[in-house]
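Notes follow once the structure below has been shown.
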Amino acid sequence: MEKGKLYIIATPIGNLSDITLRALETLKGVDMILSEDTRETDKILRKYEIEKPQLSYRDQNHDYIFPRLVESLDNGLGLALISDSGTPLISDPGFKLVRDFIKRGFEVISIPGPCAAISALVTSGFPTDKFSFVGFLPKSGGERAKLLNNYGNLDSTLIIYESPFRVEKLLKEIKENLGERYVCLANEITKVHEKILRGNVEIILEAVKGKRLKGEYVVLVAKDGFSI
Ligand code: SAM
């Protein structure tokens, strides 16, 4: 019997229309969807009138459900992995799943689509030939500074995911650790209130100071010496 496959399916990062035809066809074709949050997946399934059983998949329940998932693939079933938004595994669950399926010789197929880091990069106006993506910075101040210094001093654009409550703090840390840099705040990409702010870190810091920022943010730091 032919073994089943795991499909990694990218879903919208805000605008529900941002889903590929291939993603929809694949969702219709698989036997079960592994969802980071089944309620988020429901929104997509309802909009595109797809009915499919779901199983909650998070890093925390990986060890518990993995044997059952192996059995499903052994029995020829097709599985899809979906995260709350964008590309699974990118600051989202799925790495352990892909690694462990590959170890067991199963096929893993990517169905590409939205990713906030890439969308922010291409609208930033910053160089795109070389970039470093670090996802969310660690919590501890020392580790954050170390990471900013390690990646912020490379000859590349730095891409960071940040909560709206910590954007001001992050800008201060960028200024402290990397000095005068051009930065970009990409807020609510693909949504009604999408907003992109670009400028010197000092000016952007002034613009957000004391404000209650809302929505999702990607913060980009241009390489030393770059400005628009
Ligand atoms: N897997 C997702 C991807 O492919 O981009 C990222 C998931 S991560 C848990 C969520 C973070 O991504 C948010 O905190 C924010 O930094 C960024 N993000 C996701 N959607 C966004 C959007 N529409 N606008 C700006 N940033 C977004």
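Which chymotrypsin sites (Phe, Trp or Tyr not before Pro) does region 26-75 hold that lie in a coil by DSSP with at most 16 other beta carbons within 10 Å? Don't skip to the end; give the middle numbers.
Numbers: sites: Y48, Y57, Y64; in loops: Y48, Y57.
Qualifying residues, ordered by number: Y48.
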Separation of the K172 and I50 label points, Cα + 7 Å toward Cβ, nm: 4.4 nm
Dipole magnitude (debye, nearest 20) for the chain, charges at Cβ of Lys, Arg, Asp, Glu: 420 debye
With a cut-off of at most 12 other beta carbons within 10 Å, and DSSP calling the residue loop, which GluC sites (Glu not before Pro) in region 162-228 qualify? Please list them. E180
Total charge of the residues flanking S72 in space, meaning their Cβ is under 14 Å from its Cβ, with Lys and Arg +1 and Asp and Glu -1, is -1
Counting Lys and Arg as +1 and Asp and Glu as -1, what is the net charge of the other residues whose Cβ lies under 12 Å from the Cβ of G225? -1
In debye, nearest 20: dipole of region 22-98 around its Cα centre with unit charges on the Cβ of K, R (+) and D, E (-)? 180 debye
If you build the Cα gyration tensor of the chain and take the root of 5 times each eigenvalue, what three semi-axes come out, in whole angstrom, biggest first? 36, 19, 15
Contact order normalised by residue count of the chain, Cα under 8 Å, 6+ apart, percent: 21 percent
Let me know the Kirkwood hydrodynamic radius for region 103-159, please, with Cα pairs as the basis and the value in Å to one decimal. 13.7 Å
Less than 20 Å apart at the alpha-carbon level, and either on another chain or at least 8 residues along: which lysines does that give for K195? K169, K209, K211, K214
What translational D, rounded to a whole number of µm²/s, comes out for region 139-184 from Stokes-Einstein when the hydrodynamic radius is the Kirkwood one over Cα pairs, at 37 °C and 0.692 mPa s? 298 µm²/s
For region 4-45 and region 125-139, write down the distance between their C-alpha centroids in whole Å. 26 Å
If T87, T123 are placed from fewest to most neighbouring beta carbons inside 10 Å, the sequence is T123, T87
Just from its helices, what would the mean residue ellipticity at 222 nm be for the chain, if runs of 4 or more DSSP H residues each count -39500 (n - 2.57) and the sum is divided by every residue, rounded to the nearest 500 deg cm²/dmol? -10500 deg cm²/dmol
How would you classify region 122-228 from its alpha-carbon gyration tensor, with a ≥ b ≥ c the square roots of the eigenvalues: rounded for a/c under 1.5, else prolate if a/b is greater than b/c, otherwise oblate? rounded
If you build the convex hull over the alpha carbons only and average its shadow over all orientations, what do you get for region 5-111? Give it in nm² to one decimal. 6.0 nm²
Residues with beta-carbon under 12 Å from that of V208, excluding V208: net charge, scoring Lys, Arg +1 and Asp, Glu -1? +4
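Laboratory data are not the source of any read-out in this text; all were calculated from the coordinates shown. Source: prediction; values computed, not measured. Don't worry about glycine lacking a Cβ; one is built from the backbone with ideal geometry, like all the others, and counts go over all protein chains shown.
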